[in-house]
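Just below is one structure, and these are the notes that go with it.
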Amino acid sequence: MARAVTTQRKAINTAFAWGVGLLIFFPILWTILTSFKTEAQAISDPPVFLFFDWTLENYAAVQERSNYARFLWNSIIIAVGSTILGTIIAVPAAWSMAFVPSKRTKDILLWMLSTKMLPAVGVLYPIYLLFIRLGWLDTQIGLVLVLMLINLPIIVWMLYTYFREIPGEILEAARMDGASLKDEIIYVLTPMAVPGIASTILLNIILAWNEAFWTLNLTAANAAPLTAFIASYSSPEGLFYAKLSAASVMAIAPILIMGWFSQKQLVRGLTFGAVK
Amino acid sequence: MGRIQLKQVKKSFGDVTVIPPLDLTIEDGEFTVFVGPSGCGKSTLLRLIAGLEDTSDGVIEIDGKDATSLPPAKRSLAMVFQSYALYPHMTVRKNIAFPMKMAGVDKAEQDRRIEAAAKALNLADYLDRRPGQLSGGQRQRVAIGRAIVREPAAFLFDEPLSNLDAALRVGMRMEISELHKKLDTTMIYVTHDQVEAMTMADKIVVLQAGVIEQVGSPLELYRTPRNKFVAGFIGSPKMNFLEGPEAAKHDAHTIGIRPEHVEVSTTEGLWQGKVGVAEHLGSDTFIHVHGVPGCDPMTVRVGGEIPVHHGDTIFLNPNLEHLHRFDAEGLRIQ
């Protein structure tokens, strides 16, 4: 009988998990559906779910009105660039915190994380002024740097947790074998931490890709990424929901596909090294 | 060459001194074993020599040159770790090649040395496997192979056999001893197992709480332990200690007699007691005897099998030639 109860419980759990999953996915699904409706159907009341006249006219309109490729290119540069730059800085930082911790290492880690506790708008003014002074407004380099700095605490934290899982004796063995610090990081630590580094990079590309506050505030036309592309379809008047949805789908499609193919790495990344 | 000299070497972690100033010389080609109970500082001492820990004070000389502040890589020492510490992402071949790659040895010479090491350590069939696909004994051999190819001035072993099962341990013990005879290189070996120490060492360093209790050959330590600690630590089963009137008869605070130096009789003897547990090993029988004044229980070793049962009364005759006498401080009385 015990067996039967287990099966039943399993069925309930499965149904519940699917329910939660669909609930979370619903807004994305609705956006995708809306992008195929006409503007009138998009705001019809009661809303239509599946039985409407499927159309591609929104995608055509979006294509005609804006240069999708340029926004996409900016997004790729900003997301990938800031992540790679951040990783290059974070690997040695996480190494030292994981393997030669000092009395204050924990405090430093916490302090780094505390920068994420401030709402971004709190530092918008100083950063904006700095950008004006440096001539970085609406430039790719400016955004790469600012997003790198914003995600750096997360990259360091994630790498730190992964590195902590690597036994110190192996690094000591490398030192005994004549490896310099650089050799130790290149030949031993990094290859062993590849799964961790990969999930860190993936997660941070996604975070940087979706980052909207800084990308919207610090760009105009030249360096605007896909977040700005979406925002440009929101307007205070007229019918725009269907076109906005089409733009949204086009903006999230690349990252959604990338995420789908790297699910395994991502789950590991999101659990912050807690699951082996 | 591999003569290692420690002069007044001291190690503290914060306010805690784990190794008070200590002097020790390890001669070239010697097989030295650091032995002691866990937490006695033997591994720390090895790590100081390796350069994996910094000394708090004192000088470490390798072949007459001051190596105190040299990084591990520059000391020309090779180390075999308890956990083997192989590189999991590299094949056996690459693991063994790694120290040579770091030293910039040319490719042909690398291959020659890998082949030689693989042959000597029975690893030839496994060179393209990864450590994860090997058994414990094979991993240990890879770790040794990685140490050999560097042709170091000295080998450091940190409890290398403690992760192996008993049978394999005996085998590897022999292999390491063989290796030492063949290479004739200085080896420093850390263990808590006094049997390993006795069977392998040219010289044993017995440590307790960071202090060297005695340095000597295995038989020196067995025959003339400097104090009660060494007397009790070296030898298996442990030496029996008697205090009180029995010790006073020999003008000592404590007397010690090893289990193998006590004769058992069913009719007469100096001491009388009752048999507790008897461990029948076939080749030997260890009898724990209760009721001997000043020592309860006393362990005695009898060669072969002896028909004694729990509760039997037996008599014990110590071989007085092998009696050890200690004063109130636990130091040996000559």
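Bear in mind that the values in this text are calculations on the coordinates, not laboratory data. Owing to the predicted nature of the structure, the values given are computational and were not obtained by experimental measurement. Note that each Cβ is placed from the backbone with ideal geometry, even for glycine, and that neighbours are counted across all protein chains shown.
Could you tally the net charge around residue B:333, taking each other residue with its Cβ under 13 Å from the Cβ of residue B:333, Lys/Arg +1 and Asp/Glu -1? Walk me through the numbers before you get to the answer.
Details: positive: B:226, B:228, B:325, B:332; negative: B:251, B:327, B:329.
Summing Lys/Arg as +1 and Asp/Glu as -1 gives +1.
To check you understand DSSP bridge types, tell me what percent of the beta bridges within region B:4-230 (both residues inside) are antiparallel, rounded to 5.
Working: 19 of 37 bridges.
Counting only bridges with both partners in region B:4-230, antiparallel ones make up about 50 percent.
Over all alpha-carbon pairs in chain A, figure out the percentage whose distance exceeds 28 Å. Display every interim value, and only then the final one.
Working: 19570 of 37950 pairs.
Here the long-distance tail beyond 28 Å is 52 percent of all Cα pairs in chain A.
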Long-range HN-HN contacts of residue B:156 with modeled amide H, under 5 Å: B:78, B:79, B:80, B:188
GNM top mover of A:128, A:187, A:241 - chain A, alpha-carbon springs below 10 Å: A:187
Candidates B:304, B:171, B:14, ranked by Gaussian network fluctuation over chain B, Cα under 10 Å, top entry: B:14
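Find out how many positive minus negative residues lie around residue B:181, taking Lys and Arg as positive, Asp and Glu as negative, among other residues whose Cβ is under 14 Å from that of residue B:181. Provide the component values of the computation, followed by the final result.
Working: positive: B:173, B:182; negative: B:30, B:175, B:178, B:184, B:202.
With Lys, Arg at +1 and Asp, Glu at -1, the net is -3.
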Inter-chain Cβ neighbour average for residues A:178-189, partner chain, 10 Å: 4
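Can you give the relative contact order of chain B as a percent, counting alpha carbon pairs under 8 Å and 6+ residues apart?
Here the relative contact order equals 17 percent.
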J(HN,Hα) series, region B:207-222, from Karplus relation 6.51 cos²θ - 1.76 cosθ + 1.60, nearest Hz, glycine and proline x: 10, 9, 6, x, 10, 6, 7, 6, 10, x, 6, x, 6, 4, 5, 6
Candidates B:34, B:155, B:229: whichever shows maximal mean-square fluctuation once chain B is modelled as a Gaussian network with Cα springs under 10 Å: B:229
Spatial separation of Cα centroids for region B:189-248 and region A:230-252, in angstrom: 83
Estimated Rh, region B:237-326: Kirkwood, alpha-carbon pairs, angstrom: 13.0
Estimated vicinal HN-Hα couplings, Hz - region A:143-158 in sequence order (Karplus 6.51, -1.76, 1.60; Gly, Pro = x): 5, 4, 5, 5, 6, 4, 5, 5, 8, 3, x, 5, 4, 4, 4, 5
Long-range HN-HN contacts of residue B:68 with modeled amide H, under 5 Å: B:60
Region B:4-230 - convex hull of alpha carbons, volume per residue in Å³: 126
Karplus 3J(HN,Hα) series, Hz, for region A:190-199 with 6.51 cos²θ - 1.76 cosθ + 1.60 (x for Gly, Pro): 4, x, 6, 9, 3, x, x, 5, 4, 5
Value of D in µm² per second that Stokes-Einstein yields for region B:61-155, Kirkwood Rh from Cα pairs, at 25 °C (0.890 mPa s): 178
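Which entries of B:203/B:249; B:11/B:65; B:94/B:119 have Cα-Cα distances beyond 25 Å here? Walk me through the intermediate numbers first.
Working: B:203/B:249 34 Å; B:11/B:65 20 Å; B:94/B:119 16 Å.
Listed pairs above 25 Å: B:203/B:249.
So for each of A:68-76, B:276-284, A:52-60 I average, over its residues, the number of other beta carbons within 10 Å; can you give me the resulting order with the highest mean first? Intermediate results must be reported in sequence, preceding the final value.
Values: A:68-76: 17.3, B:276-284: 12.8, A:52-60: 14.4.
Taking the mean over residues of other Cβ atoms within 10 Å, the ranking is A:68-76, A:52-60, B:276-284.
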Rounded to 10°, Cα long-axis angle of helix A:105-114 versus longest principal axis of chain A: 10
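Determine the equivalent ellipsoid of region B:177-334 by diagonalising the alpha-carbon gyration tensor, then write out the semi-axes as square roots of 5 times the eigenvalues, largest first, rounded to whole Å.
Working: eigenvalues 191, 86, 26 Å².
They are 31, 21, 11 Å, listed largest first.
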Debye, to nearest 20: dipole size of chain B, +1 on Lys, Arg Cβ, -1 on Asp, Glu Cβ: 1300
When the protein assembly as shown is reduced to its Cα atoms, the Kirkwood hydrodynamic radius in Å: 30.7
